[in-house]
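What follows is one structure encoded as structure tokens, with my remarks underneath.
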Amino acid sequence: MKVIGVVGLPASGKGEFARIASRQGIPVVIMGDVIRAAVKKAGLAPDDQNMGAMANRLRKEGGMDAIAKLCIPALHHLSAPVVLVDGIRGDAEVRLFRRYFPGFVVVAIDSPFATRLARLTTRGRTDDTTTEESLRLRDERELGWGLGAALSKAEYRLQNDGDLATFEQSVRNLLQMMEHTP
């Protein structure tokens, strides 16, 4: 099984990459779902503050790769030739996935700050931030988890600063190429 990990700053296009992959029949494991489940179990509102605090708590209790560890069983239960992990936030997670899945590859999604902020103001998720300051703080928090180092470990990079159709075509082209690469 080939496992592909997607990494990027908030609203860079990781979720859209995952949706495109899913429409192509590639199973997707979403790392943020682990955090959302923990927030729900704790009886907290699924907003940015609680999601960030829970992610910090899980990492403090289980190490910087804690969320990746919680995703490993779901990945092992999939029997598809290619599987996608959406939402890598740190280099410790990349190292763990590479240890469990030989040939694990990372795709980085790059998108300008202003574009990401505009997406957040219209996306409508409960954990979205909608001001420049709150996005800067979220970026800093996630970079503190090793996101910059994870981005630097990517074998592939996609720029997502244009329209959705262009990004979708780039994703499809990349996935097609990756499916045929050992």
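For the stretch 124-145, a residue qualifies if it is over 14 Å from G52 (Cα atoms) and either among the β-branched types (V, I, T) or in contact with an Asp or Glu (Cβ under 8 Å, 6 or more places away or on another chain) (or both), and the qualifying residues are T130, T131. Tell me which residues, restricted to the stretch 153-182, are free of Cβ contacts under 8 Å to residues at least 40 places away in the same chain and either exposed (fewer than 14 other Cβ atoms within 10 Å of the Cβ) or outside any helix (DSSP H, G or I) (or both). Passing the criteria: G162, D163, A165, T166, Q169, N173, Q176, M177, H180, T181. Any residue in the stretch 102-118 that is without any contact (Cβ under 8 Å) to a residue 60 or more places away in the chain and closer than 24 Å to V34 by Cα? Checked against the condition, which is being without any contact (Cβ under 8 Å) to a residue 60 or more places away in the chain and closer than 24 Å to V34 by Cα, the stretch 102-118 yields at least one hit. When the residues of the stretch 119-131 are filtered to those that are closer than 20 Å to D33 by Cα and not basic (K, R), which remaining residue is surrounded by the most Cβ atoms within 10 Å (Cβ to Cβ)? Among residues in the stretch 119-131 that are closer than 20 Å to D33 by Cα and not basic (K, R), the one surrounded by the most Cβ atoms within 10 Å (Cβ to Cβ) is T129. For the stretch 159-177, residues that are within 18 Å of the chain's Cα centre (by Cα) and either of a type in the set (G, A, S) or closer than 15 Å to Q24 by Cβ (or both) total 7.
It is to be established whether one or more residues within the stretch 121-142 are of a type outside the set (A, V, I, L, M), within 28 Å of M178 (Cα to Cα) and assigned to a helix (DSSP H, G or I). Yes, the stretch 121-142 contains a residue that is of a type outside the set (A, V, I, L, M), within 28 Å of M178 (Cα to Cα) and assigned to a helix (DSSP H, G or I).
The test for being touching a helix residue (DSSP H, G or I) at 6+ places or on another chain (Cβ under 6 Å), of a type outside the set (S, T, N, Q), touching a residue at least 24 places away in the same chain (Cβ under 8 Å) and buried (at least 21 other Cβ atoms within 10 Å of the Cβ) does not hold for L70.
Take the conditions (1) surrounded by fewer than 21 Cβ atoms within 10 Å (Cβ to Cβ); (2) in contact with a Leu (Cβ under 6 Å, 6 or more places away or on another chain); D110 misses just one of them, which is (2).
Every residue in the stretch 1-48 that is among the β-branched types (V, I, T) and within 17 Å of I67 (Cα to Cα), please.
Just the residues of the stretch 1-48 that are among the β-branched types (V, I, T), to begin with: 3-4, 6-7, 20, 26, 28-30, 34-35, 39.
Of everything in the stretch 1-48, those that are among the β-branched types (V, I, T) and within 17 Å of I67 (Cα to Cα) turn out to be V3, I4, V6, V7, V28, V29, I30, V34, I35, V39.
Considering only the stretch 90-99, how many residues are in contact (Cβ under 8 Å) with a residue 40 or more places away in the chain and either in contact with a strand residue (DSSP E or B) (Cβ under 7 Å, 6 or more places away or on another chain) or not aliphatic (A, V, I, L, M) (or both)? Talk me through it step by step, then tell me what you get.
First pass over the stretch 90-99, keeping only residues in contact (Cβ under 8 Å) with a residue 40 or more places away in the chain: 90-94, 97.
Filter once more, keeping what is either in contact with a strand residue (DSSP E or B) (Cβ under 7 Å, 6 or more places away or on another chain) or not aliphatic (A, V, I, L, M) (or both): 90-91, 93-94, 97.
Selection size over the stretch 90-99: 5.
The helices (runs of 4 or more DSSP H) located wholly in the stretch 2-120 that include 1 or more residues which are of a type in the set (A, V, I, L, M) and under 17 Å from L143 (Cβ atoms) occupy 31-41, 48-62, 66-76, 91-100. Among the residues of the stretch 48-55, is there at least one that is polar (S, T, N, Q), surrounded by 17 or more Cβ atoms within 10 Å (Cβ to Cβ) and under 19 Å from G148 (Cα atoms)? For the stretch 48-55, residues polar (S, T, N, Q), surrounded by 17 or more Cβ atoms within 10 Å (Cβ to Cβ) and under 19 Å from G148 (Cα atoms): absent.
Every read-out reported here was derived from the displayed coordinates using simple, explicitly stated rules and does not represent laboratory data. For clarity, every value in this text was computed on a predicted model and none was experimentally measured. All Cβ positions, glycine included, derive from the backbone under ideal geometry; neighbour counts span all protein chains shown.
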